[in-house]
């Protein structure tokens with residue numbers, strides 16, 4: 001039996017793979033109606049190459065930038081963290097404050113060096129006292145779900 005998914009962000013959408021070939025189809029249609037020369041091979045090659053390269057990007061995004069929260073685990077990218085290991089969900093940082101909160105410089109979950117672009121970090125205090133940053137595009141919803149699932153515990157407990 002699998003755990004119910006409470007929050008999920010796939011990281012990448014498969015529909016973007018079609019954008020390049022659609023653009024090439026539009027150009028092909030325009031060439032068929034407007035000119036004596038149609039670049040069949042070049043447009044086909046461009047469609048295949050763009051679809052292939054974008055598909056690789058989507059696979060990477062779905063692997064490294066996806067988020068999933070269940071009742072027992074939080075997965076950011078390729079790293080899974082048991083909710084039982086989280087002592088506290090820290091309050092959001094004040095954007096007007098000059099000094100950074102300690103959690104804002106903590107290690108980001110996942111195997112990326114930092115929080116991915118267009119994602120917002122959420123500070124987590126672990127049961128051993130360490131700090132990490134979870135992240136999501138819809139960080140407000142992830143924070144709301146985490147607040148509901150993680151009772152405030154003693155950091156050393």
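Observations on the structure shown:
- Taking the numbered list (1) at pLDDT below 95; (2) closer than 24 Å to residue 62 by Cβ; (3) not in a loop (DSSP other than H, G, I, E, B) in turn, residue 148 passes all entries but (2).
- Any hit, the range 48-66, residues being touching a strand residue (DSSP E or B) at 6+ places or on another chain (Cβ under 7 Å) and either outside any strand (DSSP E or B) or in contact (Cβ under 8 Å) with a residue 24 or more places away in the chain (or both): yes
- Residue check for residue 20: buried (at least 18 other Cβ atoms within 10 Å of the Cβ), touching a residue at least 12 places away in the same chain (Cβ under 8 Å) and over 13 Å from residue 134 (Cα atoms): yes
- Residue within the range 86-105 that is touching a residue at least 12 places away in the same chain (Cβ under 8 Å), within 17 Å of the chain's Cα centre (by Cα) and in a strand (DSSP E or B) present: no
- Every condition in (1) touching a residue at least 12 places away in the same chain (Cβ under 8 Å); (2) closer than 13 Å to residue 65 by Cβ; (3) not in a strand (DSSP E or B) holds for residue 135 except the one numbered (3).
- Residue check for residue 43: at pLDDT below 95 and either assigned to a helix (DSSP H, G or I) or in the same structural domain as residue 21 (by TED's automatic domain parsing) (or both): no
- Of all the numbered requirements in (1) crowded, with 16+ Cβ neighbours inside 10 Å; (2) under 22 Å from residue 10 (Cβ atoms); (3) at pLDDT 95 or above, residue 138 misses one, and that requirement is (1).
The values are calculated or read from the model by the stated rules, or taken from the named source; none is laboratory data. Nothing here was measured: the structure is a model prediction, and the numbers come from that model. All Cβ positions, even for glycine, are placed from backbone atoms using ideal geometry, and neighbour counts span all protein chains on display.
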